[in-house]
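The values are calculated or read from the model by the stated rules, or taken from the named source; none is laboratory data. Predicted model, so just to flag it, every value in this text is computed and none were measured. Backbone-built Cβ (ideal geometry, glycine too); neighbour counts: all protein chains shown. Just so you know, the surface numbers come from the protein's heavy atoms only, side chains and all, with ligands and any DNA or RNA stripped out. Shrake-Rupley method; radii C 1.70, N 1.55, O 1.52, S 1.80 Å.
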Amino acid sequence: PNPFMRKEAIAYQRKLASDPAVYGRIRREPFEPPAYMALGAPDSADMILTFLNMHDFMYANVHGGVTDVIIDRFFRNAFQTLKPGGILGVVAHRAAASMSVTQSFKLARLPQAFVIEQAEQAGFRLAGTSNISANSKDPRNIPVFDLPPTLAQGSKDRAKYEAIGPADDMTLRFVKPAINGE
């Protein structure tokens, strides 16, 4: 029912339909956090990928307290949906390691150690990291949407943000342990 989510889902479906040879084996599942977060039947998927939305799974209450209930639900649902040995790929905007989750998610970022901890609490094993989406020019303490490509501040500090480039992103690979623990 969310218009933004519906628009994004339609655009994604068009992308998948554009090249069946490449995208023909992808199975889509409805997903609209926090209301609906099922990812598929238990032990039904070989791989689940999520891009640049970990911060969307964090919420603040009216008192400024932050809850990780939604991110916990995401990781537990992913764990349940993946087959033993299945892969969970996560790309997320990285916050400074010293920044609290309370501060960072408001910038559309999370500390990498927090994301890893959340996945491991759900049962995943960290199988690898990559710097493919890293950006050492990003100070990790400014809102992601101020940086390219969004440039939410418009002309204000545009040259500064363009010089930094896109947000520094973490790329993480998790594995659901096989039955024998590997």
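Tabulated data for the structure shown
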item	result
Protection proxy ranking, peptides 56-67, 114-125, 14-25, average beta carbon neighbours within 10 Å, highest first	114-125, 56-67, 14-25
Paired Rg and Dmax values of the range 59-172, which use every Cα atom, in angstrom	15.5, 49
Mean separation of Cα contacts under 8 Å (6+ apart) over length of the chain, as relative contact order %	22 percent
3J(HN,Hα) from dihedral phi, the range 143-158, Karplus parametrisation 6.51/-1.76/1.60, rounded to Hz, x for glycine, proline	x, 3, 6, 6, 8, x, x, 6, 6, 4, 7, x, 7, 5, 6, 4
The range 122-171: relative contact order in percent, alpha carbon pairs under 8 Å with at least 6 residues between	52 percent
Value at 222 nm in deg cm²/dmol, rounded to 500, when DSSP H runs of n ≥ 4 in the chain each add -39,500 (n - 2.57)	-8000 deg cm²/dmol
Size of charge dipole - the range 1-88 - debye, nearest 20, with Cβ of Lys, Arg +1 and Asp, Glu -1, no other charges	300 debye
Hz values of 3J(HN,Hα) by residue in the range 53-64 - Karplus curve (6.51, -1.76, 1.60), Gly and Pro given as x	9, 4, 4, 5, 8, 10, 9, 10, 8, 5, 9, x
Whole-number accessible area per residue in Å² for the chain, which is evaluated in the context of all protein chains at 1.4 Å	57 Å²
With every protein chain in place, the chain: carbon and sulfur % of accessible area (1.4 Å)	55 percent
Part-to-part distance (alpha-carbon centres) for the range 136-182 and the range 17-53, which is given in Å	22 Å
Net dipole in debye of the chain [+1 Lys, Arg Cβ; -1 Asp, Glu Cβ; about Cα centre; nearest 20]	340 debye
With DNA, RNA and ligands ignored, accessible area of residue 129 (1.4 Å probe; Å², nearest 10)	90 Å²
Net charge of neighbours whose Cβ lies under 13 Å from the Cβ of residue 103, counting Lys and Arg as +1 and Asp and Glu as -1	+3
Label-to-label distance, nm, for residues given as residue 151 and residue 23 (7 Å Cα→Cβ offset)	2.7 nm
Out-of-range pairs (alpha-carbon distance over 27 Å; input 7/176; 15/156; 15/160; 106/160)	7/176; 15/156; 15/160
